[in-house]
């Protein structure tokens, strides 16, 4: 079975380009903490507001270039779709805010854990909301992941709320977006438009108070705040191009590139503490993901 975005037939060239696009997307997401760290002098909320506004201004030309303008306009003629996208906009902006705050508050290791367990959270959400039935390997993977979270909570003395909130919010975002009949690019453009209005109001308010960061500190900081749009839109575009050319199971395996990059950055570049309790937790999560991934590949091959 191929992804909904995949063509019925694939050439080796299509597959190669699909891998290049997908890996590029996940690499950008994975190394983006370096970018957010460079902006740590700006409050996380203000970074998110700029990310929303500048992303919208960048996404609109992409909509036109990729000939999605008609789809974009049709969204505003469907109240149900608009309400769904308003809800998902609130969820994804909350996810962005928590992620950037976690990165700049030296909790990147827990953020990477969140995106590692996200696929398993998706499985649980499918059972709860879509009444899907779990295969035995999936059940084992969920049990191992749960054991890892519980072990970290009991041994480390701190509930990994950042990881779980990131995983659940992103899982809910994906689940609800399935209901909205729009592409990823158009959906994100509408979401950023809906959020840009309150974001601009608050940024203007900060500027009136003399507390806004843009056009007050340095040209470099101004360009980096505007550049949040590129960090947001470029990997999304690459992800969409990759998903069209690859099997769903292949995309599922490649998604671990992003949290793996985050993990390496957290431990080796930013020197976040990596103690025994965390080691055990990550080993349990990685084992769960290995079981889940092997089962997914086998399932899609048999059903293809």
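Exactly one residue among 120, 74, 97, 83 is in contact with a helix residue (DSSP H, G or I) (Cβ under 9 Å, 6 or more places away or on another chain) and exposed (fewer than 15 other Cβ atoms within 10 Å of the Cβ), and that residue is 74.
Do we find that residue 103 is under 30 Å from residue 275 (Cα atoms), surrounded by fewer than 15 Cβ atoms within 10 Å (Cβ to Cβ) and in contact (Cβ under 8 Å) with a residue 12 or more places away in the chain in this structure? So residue 103 fails the test.
Screening the candidates 98, 74, 109, 86 for the property of being more than 30 Å from residue 142 (Cα to Cα) and touching a residue at least 40 places away in the same chain (Cβ under 8 Å) yields one hit, 86.
Looking across 265, 236, one residue alone is under 19 Å from the mean Cα position of the chain (by Cα) and at pLDDT 95 or above. It is 265.
Exactly one residue out of 129, 159 is surrounded by fewer than 16 Cβ atoms within 10 Å (Cβ to Cβ), farther than 30 Å from residue 106 by Cβ and touching a helix residue (DSSP H, G or I) at 6+ places or on another chain (Cβ under 8 Å), and it is 129. Looking across segment 168-203, the residues that are surrounded by fewer than 20 Cβ atoms within 10 Å (Cβ to Cβ), in contact (Cβ under 8 Å) with a residue 24 or more places away in the chain and part of a loop (DSSP other than H, G, I, E, B) come down to 179, 181, 183.
Are any of the residues in segment 142-158 part of a helix (DSSP H, G or I), under 18 Å from the mean Cα position of the chain (by Cα) and farther than 11 Å from residue 121 by Cβ? Within segment 142-158, not a single residue is part of a helix (DSSP H, G or I), under 18 Å from the mean Cα position of the chain (by Cα) and farther than 11 Å from residue 121 by Cβ.
Pairing each residue of segment 242-268 that is without any contact (Cβ under 8 Å) to a residue 60 or more places away in the chain and on the phi < 0 side of the Ramachandran plot with any residue that is surrounded by fewer than 19 Cβ atoms within 10 Å (Cβ to Cβ) and not in a loop (DSSP other than H, G, I, E, B), provided the two are 6+ apart or on different chains, yields C-beta distances under 7 Å for 249/297; 249/300; 253/293.
The values are calculated or read from the model by the stated rules, or taken from the named source; none is laboratory data. Predicted model only: the values in this text are computed from it and were never measured. A quick note on method: Cβ atoms are made from the backbone with ideal geometry, for glycine too, and the neighbour counts reach across all protein chains shown.
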